[in-house]
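The values are calculated or read from the model by the stated rules, or taken from the named source; none is laboratory data. Nothing here was measured: the structure is a model prediction, and the numbers come from that model. Here the Cβ positions follow ideal geometry from the backbone for every residue, glycine too, while neighbour counts run over all protein chains shown.
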Amino acid sequence: MAQQNQKSSSALVRGWQYAQQKLSRLADGRKGLGGISVASFLETTIIPIPIEVIIAPIMAASRARGFIIATVTLIGSVVGAVALYLLAWAVFDDLAQPLIDMTGGQEQFDELETKFEQGGFWVVFAISIAPVPMQIAALAAGAASYPIWLFLIAIIASRALRYYGLWVLVLGFGAGIAKIFEGQKPELDGQNQ
């Protein structure tokens with residue numbers, strides 16, 4: 001039994017690393033900004049891997065472009081969130097519900113739907129700024145027909161704070177800040193080990 005658990009956790013780690021490598025390759029190269037926006041869109045919609053792990057080293061390599069990288073990441077993320085919102089709003093029962101069932105998030109979704117009725121803006125804002133997958137929040141907002149303009153304000157404000165905040169951290173501490181998102185102790189620029 002322990003060996004089977006070890007195999008499944010090692011397969012999960014390999015899958016995580018594979019997805020992270022694919023997103024990193026997408027963000028590299030001549031078309032890096034387009035790749036970053038696509039990676040951000042995918043991170044917001046279907047691949048719950050923190051984009052910060054990918055963009056922090058890119059920001060550190062070219063600190064002057066950090067603002068542009070944060071902006072492109074923000075645009076990809078907002079477009080992805082709006083796509084999920086509209087998907088849930090238009091065809092929740094046919095498409096979004098199976099996605100929730102597939103991720104095992106029905107209980108989370110039901111709780112979020114209740115919270116949207118009480119104060120949806122802060123729910124979207126909090127989920128969007130936290131390092132948790134926001135797919136459920138976008139789907140819940142669309143399914144609850146939460147006003148899209150409030151949804152957009154919450155997403156833009158929270159994600160801007162997240163990505164531009166990362167840029168400020170990278171300016172101050174360098175690429176070592178990305179290790180925090182990987183669950184490792186950061187090596188700050190100029191620090192010897």
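When the residues of segment 146-187 are filtered to those that are outside any helix (DSSP H, G or I) and more than 22 Å from ALA126 (Cα to Cα), which remaining residue is modelled with the lowest pLDDT?
PRO186
Conditions: (1) crowded, with 23+ Cβ neighbours inside 10 Å; (2) among the β-branched types (Val, Ile, Thr); (3) at pLDDT 85 or above; (4) over 12 Å from the mean Cα position of the chain (by Cα). VAL124 meets all but one. Number of the miss?
Just one mismatch for VAL124, condition (3).
Kindly provide the set of residues from segment 132-145 that are buried (at least 16 other Cβ atoms within 10 Å of the Cβ), within 14 Å of the chain's Cα centre (by Cα) and not in a helix (DSSP H, G or I), ordered by number.
Those that are buried (at least 16 other Cβ atoms within 10 Å of the Cβ), within 14 Å of the chain's Cα centre (by Cα) and not in a helix (DSSP H, G or I): PRO133, MET134.
With respect to the numbered conditions (1) at pLDDT 80 or above; (2) buried (at least 21 other Cβ atoms within 10 Å of the Cβ), which one is the sole condition not fulfilled by ALA90?
Failing condition for ALA90: (2).
What is the residue count in segment 102-121 for residues that are loosely packed, with under 15 Cβ neighbours inside 10 Å and at pLDDT 75 or above?
So the answer is 5.
Of the residues that make up segment 118-131, is at least one closer than 27 Å to ILE36 by Cβ and not in a helix (DSSP H, G or I)?
The answer is yes, given that some residue of segment 118-131 is closer than 27 Å to ILE36 by Cβ and not in a helix (DSSP H, G or I).
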